[in-house]
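Notes for the one structure printed next.
The numbers here are math on the coordinates, done by the rules we state, and not lab data. Because the structure is a prediction, the values reported are computed rather than measured. Methodologically, a virtual Cβ is constructed for each residue, glycine included, from the backbone with ideal geometry; neighbour enumeration extends over all protein chains shown.
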Amino acid sequence: MKLINLSRRHFALAAGSVVAAPFAAGAGPLTAGDAVKRIQTELGGDWPDMGPDGFKAGDPATPVKGIATTAMATMDVLKQAAKANSNLVLTYEPTFYGRADGRALAAPVGRGSAGLAPDDSVFKAKREFIEKNGLVVFRLRDHWQARKENDMVAGLAEALGWSKRRVKPDDALFDIPAATAEETVAMIRGKLNLRGGLRAVGDRRGVVKRVLLCPGTMTPPTMWQRYSEVDMIVAGEVREWENTHYAADIYTIGERRNLVTIGRVASEEPGMRFCAVWIKSVVKGVPSRWIGAGDPYWRAA
Amino acid sequence: MTGREVVELIKKHVGVPWNEQSYRDTFKLGNPDSQVKGIATTVMVTFGMLKRANEAGLNMVISHEDTFWNDRDETKDLTSNPLYKLKTEYVLENDMIIWRIHDHMHAMKPDYTVVGSLRSVGVKGGEDAVMRARVYTIPETTLGEFASQVKRLTGSRGFRCVGDPKAKVSRILLGPGYATPRITADADVVIGASLGMAKGLIMLGHVVSEQPGMEDLANWMREFIKDVPIKFVPADEPFWT
């Protein structure tokens, strides 16, 4: 925690002071703090210290050799980033297994785990790897998904081959070639290179034409309002006692819709691939690339 | 015997102080003062489960999870929802009563969701298990073989695994429902339902993981409720792949 606090203070200095000459553009090597400052300026909005977006590990004063975007900074992604000289890693999901993301939370919020304590051996090993390899990890979620051009949706649509099938520009509805739910699911699995993470609820023989894309998660009110508009919702993950339960009841009353969850990270990967392209237009002079985390799940025989 | 009287008996026998502040463990629908003809325990009040309970003459449903697709069973955004209307009308027309037992079940000794879940995956010795269970030891096998065994025993279709299928495992840590335990170096396999230095993580699915314990709850209730039949009525495994 101590090291991270120090890093956060460095960053505040770098980002907040115009007289911090070593960090000014053109006056020295581009640091992680400089690169992040450019991204923050371009995206706008407030970046509160306790928000989810921010530096999670590494020193923001580190000169940037390359930038990697990813849906989740897993150990495997970090190893690939180090190997590819992409030492600034922008991750959509947490690095340290929960919303606290390495910070101590006063009390757990809601259901589920807040994440590992900073003295946990897995936490320590991961942070040591980051520091030993000169990596800097910054979480970029809220401000990236709040962009007017929601690339989380556009990215997923492109990965599925549906870019030209959007019903209207400001909504995530798509009219796709008619096929059964089973055929559509097989197509989705293939296009996204999924292993075992996809799960579906509903009528597998129902015909799918209109689809709503919800990368990430989906609230129950969204489900209640929008499920009746479409043949299929493709989401990242939902709570099983909430939206899965609703989809099961809709099936029981004889409607033929399907709720397909492809995995939280799998649903966010294409959007972060778009992010790597966008970064090129914001932070020039260093290479920017996307590193896939992959579908972590397999199914038992 | 009324629904309210059934709940009073449960409160008397539950073995932990009753928390009146719990928003979960309350009546959800129906008239608590209606006469109970029979009791169905279940993990989730799905529409399919409701129909099966009603057809079996069981008009009181005791569920571990929610009725209206959100944890607080908040209904203000649902009043014009067609599915909400159908489900509500079905319950009221058939004079059914729905009551939830979640928080107190996890506080009970033993916690039947953990007891049932351990039994259902073939791990022995968990008859006295509580939430935050200990590590259980099984004869050494591989993660892949253990996962296949768990899949076969539970019938889970929404079952997902993380880790090297060839890793040798013998120490099992299990958390039912959403309570996936913290992954620690003390266990080879961590079993949860919803989200690795452990070698493997197996996620059963919420219904499959907490369902078996509702049969234990029914058995426990029979010890002090003798006047009406009590049956375990499973909810469907929702996933087709």
Only helices counted: for chain B, with every DSSP H run of 4 or more residues adding -39500 (n - 2.57) and the sum spread over all residues, [θ] at 222 nm is -9000 deg cm²/dmol
With the label point 7 Å along the Cα-to-beta-carbon line of A:Glu229 and a cut-off under 19 Å to each amide N, the hits in the range A:143-159 are A:146-158
Filtered hits (aspartates and glutamates, Cα-Cα < 13 Å from A:Lys56, offset >= 8 within chain) -> A:Glu93, A:Asp101, A:Glu128, A:Glu131
To the nearest 20 debye, the protein assembly as shown has a Cα-centred charge dipole, built from +1 on Lys and Arg Cβ and -1 on Asp and Glu Cβ, of 1640
XL table B:Lys166/B:Lys231; B:Lys168/B:Lys231; B:Lys151/B:Lys199; B:Lys124/B:Lys168; Cα-Cα > 29 Å flagged, in table order, is B:Lys166/B:Lys231; B:Lys168/B:Lys231
For the protein assembly as shown, whose charge dipole is built from +1 on Lys and Arg Cβ atoms and -1 on Asp and Glu Cβ atoms, the candidate among A:Thr222, B:Ala56, B:Thr88 with its Cα farthest towards the positive end is A:Thr222
Measuring from its Cα centre, the range A:179-248 shows a charge dipole (+1 at each Lys and Arg Cβ, -1 at each Asp and Glu Cβ) which, in debye to the nearest 20, is 220
Rounded to whole angstrom, the alpha-carbon centroid of the range B:1-27 lies from that of the range A:265-284 at a distance of 52
In whole percent, the Cα-Cα distances of the range B:3-108 spread across 10 Å bins from 0 upward as 15, 49, 31, 5, 0
For B:Lys109, the aspartates and glutamates lying under 13 Å Cα to Cα, once residues fewer than eight places off in the same chain are dropped, come out as B:Glu127, B:Asp128, B:Asp216
Placing +1 on each Lys and Arg Cβ and -1 on each Asp and Glu Cβ in the protein assembly as shown, then taking the dipole about the Cα centre, the residue among A:Val208, A:Trp278, B:Gly213 whose Cα reaches farthest towards the positive end is A:Trp278
With +1 at each Lys and Arg Cβ and -1 at each Asp and Glu Cβ, the charge dipole magnitude of the range B:3-108 around its Cα centre, to the nearest 20 debye, comes out at 160
Cα-only Rg/Rh for the protein assembly as shown with Kirkwood Rh rounds to 1.00
Summing -39500 (n - 2.57) over every DSSP H run of at least 4 residues in chain A and dividing by its residue count gives a helix-only mean residue ellipticity at 222 nm, to the nearest 500 deg cm²/dmol, of -10500 deg cm²/dmol
Fewest-first ordering of A:Thr261, A:Thr41, A:Thr62 by Cβ atoms within 10 Å yields A:Thr41, A:Thr62, A:Thr261
One finds the C-alpha centres of the range B:219-233 and the range A:123-178 to be spaced, in Å, by 51
Plugging the Cβ-Cβ distance of B:Lys168 and A:Lys65 into 1/(1 + (r/R0)^6) at R0 = 35 Å yields, to the nearest 0.05, a FRET efficiency of 0.30
For A:Met75, A:Met223, ascending order of other Cβ atoms within 10 Å (fewest first) is A:Met75, A:Met223
One computes Rg over Rh for chain A from alpha-carbon atoms, with the Kirkwood Rh, and obtains 1.00
Of the listed links A:Lys132/A:Lys280; A:Lys148/A:Lys168; B:Lys11/B:Lys85; A:Lys65/A:Lys280; A:Lys37/A:Lys284, those spanning more than 21 angstrom between alpha carbons are A:Lys132/A:Lys280; B:Lys11/B:Lys85
Dividing the mean separation of Cα pairs under 8 Å (6+ apart) by the residue count of chain A yields a relative contact order in percent of 20
Output row, site B:Thr137, 7 Å Cα→C-beta label point, backbone N cut-off 19 Å, window the range B:145-176, residues B:146, B:168-174
The simple spin-label model distance between A:Thr41 and A:Asp119, using points 7 Å out along Cα→Cβ, in nm, is 4.3
When chain A is treated as a Gaussian network with springs between alpha carbons less than 10 Å apart, the largest mean-square fluctuation among A:Val208, A:Val286, A:Val77 is found at A:Val286
Over all Cα pairs of chain B, the Kirkwood radius sets Rh, and Rg/Rh then becomes 1.00
Percent antiparallel among DSSP beta bridges confined to chain A, rounded to 5, stands at 40
From fewest to most C-beta neighbours within 10 Å, the residues A:Ile188, A:Ile253 line up as A:Ile253, A:Ile188
